Amino acid sequence: VRFSATAAGPAFDACHCATCRRWSAGPFLSVHCDGTVHVGDRSQVGVFRSSEWAERHFCRTCGTSLFYKLIDRDYWSVSLEALDDPSVFAFESEIFIDEKPDRYAFANDTRKVTGAEAFAEFTSDPEAGNG
Ligand SMILES: [Zn+2]
């Protein structure tokens, strides 16, 4: 799958929610994007609905996690490691920190946001939502 997107900023975040961890085999590291992600061949992308408000897109050939997408708006979050050059983004925040298991922790100095705080921000700022 080849795609292009415009990052909303020079940062990525990690989501520790149970859905993201199951989907990503670990915390989901992603970059929020402005507007639509343009995919070269949509037939190569599988989609499943992970919650009432979101869906997740993956490569049908290799299973790679690609995008988190809100259903009711043009909001996309792209897997950091699906990008050609993830090194240009800085690790800024961790969301759903209250769902993070004790068995791992990032040493990075990040802004930490609980699920409730994320949902509160989400009502005014769709960048904070997940699930
Ligand atoms: Zn999540």
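The values are calculated or read from the model by the stated rules, or taken from the named source; none is laboratory data. What you see is a predicted model; the values in this text were computed from it and never measured. When the accessible area is computed, the model is the full protein with side chains, heavy atoms only, and any ligands, DNA or RNA have been set aside. Shrake-Rupley method; radii C 1.70, N 1.55, O 1.52, S 1.80 Å.
Using helices alone, what [θ] at 222 nm do you get for the chain, with -39,500 (n - 2.57) per DSSP H run of 4 or more residues, divided over all residues and rounded to the nearest 500? Intermediate values should be presented prior to the final figure.
Working: 2 runs with 17 residues, N = 131.
One gets -3500 deg cm²/dmol as the mean residue ellipticity at 222 nm.
Can you give me the convex hull volume of the Cα atoms of the chain, divided per residue and expressed in Å³? Can you show the working numbers first?
Details: hull volume 13.9 nm³, N = 131.
So the per-residue hull volume is 106 Å³.
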- Rounded if a/c is under 1.5, else prolate if a/b is larger than b/c, else oblate: which is the range 68-107, with a ≥ b ≥ c the root eigenvalues of its Cα gyration tensor? oblate
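Indicate the gyration tensor shape class of the range 2-73 (rounded, prolate or oblate), computed on the Cα atoms with a ≥ b ≥ c the square roots of the eigenvalues: a/c under 1.5 is rounded; otherwise a/b larger than b/c is prolate and the rest oblate. Don't jump to the answer; show the numbers that get you there.
Details: a/c = 1.36, a/b = 1.06, b/c = 1.28.
It is rounded, given that a/c, with a ≥ b ≥ c, falls under 1.5.
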- Query: Using a 1.4 Å probe, what is the accessible area per residue for the chain, in Å²?
  - Reply: 53 Å²
- In degrees from 0 to 90, rounded to the nearest 10, what is the angle of the helix 115-124 Cα long axis to the longest principal axis of the chain? 60 degrees
